[in-house]
Amino acid sequence: MSTFGSAAGDDTGHGLTLFMPIGSAGVLAIGYDDRRSVAPHDSEFVEILANAAAAAFERFEREQEINSGQQEISRQSEELHRLERVNATLRGLNESLLRAETRDEIFEAVCDQVSDIEGVKLAWIGVPTEESVLDRRAWAGNIPQYLDNITLELDSSEEPAIVAFQTGRSVRVANTAIDIRQQPWKQTALSYGVESVVAIPIEVDGVTSGVLSVLSADQNAFSGRFERMLSAIASSVGETLQSVEQRHALQSGATTELAFEIDGVDHLFGRLAADADCELDVTGVIPEPGATCRVFAAVEEASLKSVTEVAATMSAVRSATIATDNGPDGVVELHLETPLLGAQLREYPVRISELSASPNSVQVGLEIAQTDILRDVASDILDRYPSAQLVSKGTQNADGSDYERLVAFRESLTTRQREVVHTAYLNGYFQSPRHCTGKELGEKLGISSQAVYQHLRAAERQLFDEAFRQTRTVSANDE
């Protein structure tokens, strides 16, 4: 206990204040007007009083800790039950995905199942269109009006689904009430009772082809395991889309070939051929996340340097370089800001079998395994290019066993391995003599030359495993 003279408010200067600590809670102070009024047993009384107060504070703190612990246990128990319900939804969704036969069936199943999760107000899936808008392909929930009152333009909107598609990364907004003035979409979200949002890219074969967006009535609804579960759903959607496309191709056993002719002025490569006074023949296309792609094209009737110089002046070309310079077989590499035949075509399992350009026209050949999308594919080409004409349509029978072997080999490679091998092939790495080195490939891909060699060796091992396994099967009696 401590004592100090002159208690506050004592004009005589003869007062006294007794101070006694109350544990860690504070200090008990008792003031006297006159030193002579302090009884001998007062200090003992003050000490007893302080100890009692300290004990009361300690008991209160323990009760607070117990209550807090019970609340945390209750919160964790509630979260666990919620995640169990989400897991049940996920299991049901996986069964629905296994039965799905088309893209629309996949999208609708996902939105229906996710919208049934407690707290979810809306689940929707968007895919890009030719008009640079994220199109609402499927949705479910009780606030579909939200989608009618927001901007989904890829170039101007900050809505989470747009950002997720543009960046290829998940976007989580824990509280839509924050920064509401800077982001108008949040005002719309709050007007429909949306407190938090998560948007997750859907990737097919390493390329972002759509976005799953989920809106909740609760703040911070998508933290931790719940977000990871939704990410697993988006991943399952991408894998299912790829599986369905491959299944359609295998079941058909044949492909339909569509050939189009487009006026040169209507297509980027036609304009490039006219400006550079040359002919171009696309030898390969590597799509990238978002809308960009790398295109390799053989050049005739002009120097590679002049073609790259002309291409570099075009707004749709991010960069133009010489890939291989091997006399008459030179190839240029163009990094394009947009897909070669538009964003809409990337929705479909379509292979570009031919794209050649002269100053006057562009010839386009497409191979399509699914007959149910032929009309959509043709309409997309004719709508995008007003001068386009469908000049022929035919069917080519495919060797199912060869196709199955090709699919098996492609599936055995990682996305990165496919990118490295494809880039190496198009740049003449496997030619003799080689047209580029591992170091040059690494610079193009943004990785080290050692990483390039590792990816190539891994791909070669997978190719040889598949080739020799198949060879042993068919030639076991050759000896």
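The values are calculated or read from the model by the stated rules, or taken from the named source; none is laboratory data. The structure presented is a predicted model; accordingly, all values stated were derived computationally and were not measured. Because the Cβ atoms are built from the backbone with ideal geometry, glycine has one as well, and the counts that use them run over all protein chains shown. Only protein heavy atoms, including side chains, enter the accessible area calculation; ligands, DNA and RNA are left aside. Shrake-Rupley method; radii C 1.70, N 1.55, O 1.52, S 1.80 Å.
One residue alone among ILE73, ILE143 is open to solvent by 80 Å² or more (accessible area, probe 1.4 Å) and either of a type in the set (Asp, Glu) or over 30 Å from THR338 (Cα atoms) (or both), and that residue is ILE73. Might you let me know whether region 224-232 holds any residue that is on the phi < 0 side of the Ramachandran plot, touching a Ser or Thr at 6+ places or on another chain (Cβ under 8 Å) and surrounded by fewer than 15 Cβ atoms within 10 Å (Cβ to Cβ)? No: region 224-232 contains no residue that is on the phi < 0 side of the Ramachandran plot, touching a Ser or Thr at 6+ places or on another chain (Cβ under 8 Å) and surrounded by fewer than 15 Cβ atoms within 10 Å (Cβ to Cβ).
Being of a type in the set (A, V, I, L, M, F, W, C), touching a Cys at 6+ places or on another chain (Cβ under 7 Å) and part of a strand (DSSP E or B) is a condition met by no residue of region 256-268.
Screening region 273-300 for residues that are over 30 Å from VAL211 (Cβ atoms) and assigned to a strand (DSSP E or B) and picking the one that is farthest from the chain's Cα centre (by Cα) gives GLU300. Only residues that are under 16 Å from ILE286 (Cβ atoms), loosely packed, with under 14 Cβ neighbours inside 10 Å and in contact (Cβ under 8 Å) with a residue 12 or more places away in the chain were counted across region 415-457, and they come to 1. Residues that are of a type outside the set (A, V, I, L, M) and closer than 17 Å to GLU347 by Cα were ranked within region 194-223; the one that is most open to solvent (accessible area, probe 1.4 Å) is GLU203. The test for being over 24 Å from VAL244 (Cβ atoms), open to solvent by 70 Å² or more (accessible area, probe 1.4 Å) and touching a residue at least 12 places away in the same chain (Cβ under 8 Å) holds for GLU158. Looking only at residues in region 83-108 that are at pLDDT 85 or above and under 20 Å from the mean Cα position of the chain (by Cα), the one that is most open to solvent (accessible area, probe 1.4 Å) is GLU108.
Selection of region 109-157 for residues being touching a Phe, Trp or Tyr at 6+ places or on another chain (Cβ under 9 Å) and among the charged types (D, E, K, R) yields LYS121, ARG136, ARG137. Look at region 379-391: where a residue is in contact (Cβ under 8 Å) with a residue 12 or more places away in the chain and a partner is charged (D, E, K, R) and open to solvent by 30 Å² or more (accessible area, probe 1.4 Å), sitting 6+ places away or on another chain with Cβ atoms under 6 Å, you get ARG384/GLU130; TYR385/ASP266; SER387/ASP263; SER387/ASP266; GLN389/GLU261; VAL391/GLU261. Count of region 94-148 residues, restricted to those that are part of a loop (DSSP other than H, G, I, E, B) and either touching a residue at least 40 places away in the same chain (Cβ under 8 Å) or of a type in the set (A, V, I, L, M) (or both), is 9.
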